[in-house]
Amino acid sequence: MKLEASLTADNINQKLLSIEYAVRGPILQRAQQIERELQKGVPKPFPRVVRANIGDCHALGQKPFTFIRQVLALAACPEMASAAVPEDVQQRVREILEDCTQGSVGAYSPSGGLALVRRRVAEFLAARDGVPASADDIHLGSGASDVIKAVLTMFAEQVDGKPSAVMIPVPQYPLFSGTLSELGLVRADYQLDEERAWALQPSELERAHAAASQHARVRAIVVINPGNPTGQVLTRENIEEVIKFAYQHDLFIMADEVYQENIVSKPFHSFKKVMHEMGGPYAGMELASFVTCSKGWAAECGLRAGFVELLRLAPRVLAAFRAARAVMQCPSVLGQCVLDCVMKRPAPGEPSYAQFAAELAAVRRVLAERTATAYHTFNSIPGYFCNPIDGSMFAYPRVDIPERAQEAARDLGLSPDEFYCLRLLEETGVCVIPGTGFGQRAGTFHFRTTILHPRDEFQHMMDCFRRFHLDFLEKYS
Ligand SMILES: Cc1ncc(COP(=O)(O)O)c(C=O)c1O
């Protein structure tokens, strides 16, 4: 006898049904299917799939930093200590294990994270900003996603009979749209200005706020700086404008600053520093700022480590946040070891420094080279436009899609950019994500591609974009 399922699409939490996360969506599923077909010998016009759907540097071939992996190995297995392990690695592991219950990374840590690591985060932030930072304001998480969701959860409450809304950029990283859906929060989209290098326009912030305020209570604003998928780095003036806007409208600022170490040449201004320097009431505003080990030079996505710095929360709010975090026990302690290494890297004169510096220089070189090549290549393809890529690890070019191709897409029930990315995948094996997954101004079409592949693979991908687009134009113009 077949048992009836007790959990059905009708009685599941309905909010889950509306979550979309394009980065691992239908295009990736088709790419995986194609990979299986290739393995079975199904003929294709390309020998392999090139995955450019997700910002995962190690998956694209970046080698782990030796120092980090030596610390991890020794922290997991202290018995392996020997003269062959550099002394600074051994010293780091001794410090970490001293802070672990019974000297084991297998024991739970405090729910906010090991005291040592939170202290190291505070030291890093104070040095970055020249503004004091306290370990008490630091809350570690299993990646930034974990703590972003934890902070958004605090807004999941009606106010004066209205649902709460959170302002998010468009284009945006779909963790935000997906989590807002899951929590039943209203999305208040504000458009980034593609014609002004994806800047935030105060007039657009006002428009979005007014529109959402008709049916919801707007309570927070998310800013992603550097941008994903857009790759811009905000100017200090633009950040000041956002802070003033948030102050005028009594909004809580959520600064997603996870790509702060993935910047090619512009200066990075943290929201915390700018608020502090603006002084007056701005220096007293609440702030949540997010950092992760998945990005930056370490890019240890799989080890799931990040943190939020939460500033100036009301004591009862902070207590509730801590209680909610405590229920989840703690983030991975091995992940916390990575964070410790990222916050306090080998210093000149230490045994691991020379190798660390060489590995860091290589990672920075790749980012500078790929951002420049992607920008020039895309802008040299007819019908493509790409803003300068100042940071992050993506390009988000705009593509003109001929009317006939748009009709073909509609016939298949796809948006034009989905159709474009699907055809690109089927004809070249290159897997990128359509702009629909991030958001774009109506009538414009984009895709997001990661750009940190090894040089040959990257060049192959760039050649594919050009060849495919010219064929596509010929077919549909
Ligand atoms: C803008 C942005 N924020 C947050 C995250 C979350 O990263 P993680 O949870 O791996 O730390 C990502 C991941 O790609 C991202 O691009």
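Quick one: putting +1 on the C-beta of Lys and Arg, -1 on the C-beta of Asp and Glu, what dipole do you get for the chain around its Cα centre, in Debye to the nearest 20?
I would put it at about 420 debye.
Give the cross-link partners of residue 475 among the lysines, using a straight C-alpha distance below 26 Å as the criterion and excluding same-chain residues fewer than 8 apart.
44
If the reach is capped at under 27 angstrom between alpha carbons, list the lysines near residue 162, excluding any in the same chain fewer than eight residues apart.
Cross-link targets: 15, 149, 244.
Trypsin sites (Lys or Arg not before Pro), restricted to the range 387-448: which are DSSP loop and have at most 12 other Cβ atoms within 10 Å?
none
List the aspartates and glutamates whose alpha-carbon lies under 14 Å from that of residue 266, not counting same-chain residues fewer than 8 positions away?
Counting by Cα, and skipping residues close in sequence, residue 266 has these aspartates and glutamates nearby: 237, 390.
Would you work out the charge dipole size for the range 108-343 about its Cα centre, treating the Cβ of every Lys and Arg as +1 and the Cβ of every Asp and Glu as -1, and quote it to the nearest 20 debye? Walk me through the numbers on the way to the answer.
On the way: 22 positive and 26 negative charges, 110 e Å.
Using Cβ point charges on Lys, Arg, Asp and Glu, the range 108-343 gives about 540 debye.
Can you work out D for the range 329-376 in µm² s⁻¹ from Stokes-Einstein, where Rh is the Kirkwood radius over C-alpha pairs, the temperature is 4 °C and the viscosity is 1.567 mPa s?
99 µm²/s
Write down the accessible area per residue of the chain in Å², having rolled a 1.4 Å probe over the full set of protein chains.
44 Å²
If each DSSP helix of 4+ residues adds -39,500 (n - 2.57) and the sum is divided by the residues in the chain, what number results at 222 nm, nearest 500 deg cm²/dmol?
-13500 deg cm²/dmol
Would you mind pulling out the separation of the Cα centroids of the range 344-417 and the range 1-25, in Å?
So the separation of the two Cα centres works out to 34 Å.
State the Cα centre-to-centre distance between the range 292-323 and the range 71-120 in whole Å.
20 Å
With just the Cα atoms of the chain, tell me how far they stretch along each of the three principal axes, in Å, largest first.
66, 66, 61
Can you give me the Kirkwood hydrodynamic radius for the range 261-336, using every pair of distinct Cα atoms, in Å to one decimal?
Hydrodynamic radius (Kirkwood, Cα pairs) of the range 261-336 is 14.8 Å.
Are there trypsin sites (Lys or Arg not before Pro) in the range 1-107 that DSSP puts in a loop and that have at most 10 other Cβ atoms within 10 Å, and which ones?
Filter output for the range 1-107: 2, 40.
Measure off 7 Å from each Cα along the Cα-to-Cβ vector at residue 442 and residue 312, then give the distance between these two points in nanometres to one decimal.
3.8 nm
What share of all Cα pairs of the range 108-343, in percent, falls into each consecutive 5 Å distance bin?
Per 5 Å bin, starting at 0, the Cα pair percentages come out as 1, 7, 15, 19, 21, 18, 12, 6, 2, 0.
The values are calculated or read from the model by the stated rules, or taken from the named source; none is laboratory data. The model shown is predicted, which means the values in this text are computed figures rather than measured ones. Neighbour counts run over all protein chains shown; Cβ positions are idealised from the backbone, glycine included. Only protein heavy atoms, including side chains, enter the accessible area calculation; ligands, DNA and RNA are left aside. Shrake-Rupley method; radii C 1.70, N 1.55, O 1.52, S 1.80 Å.
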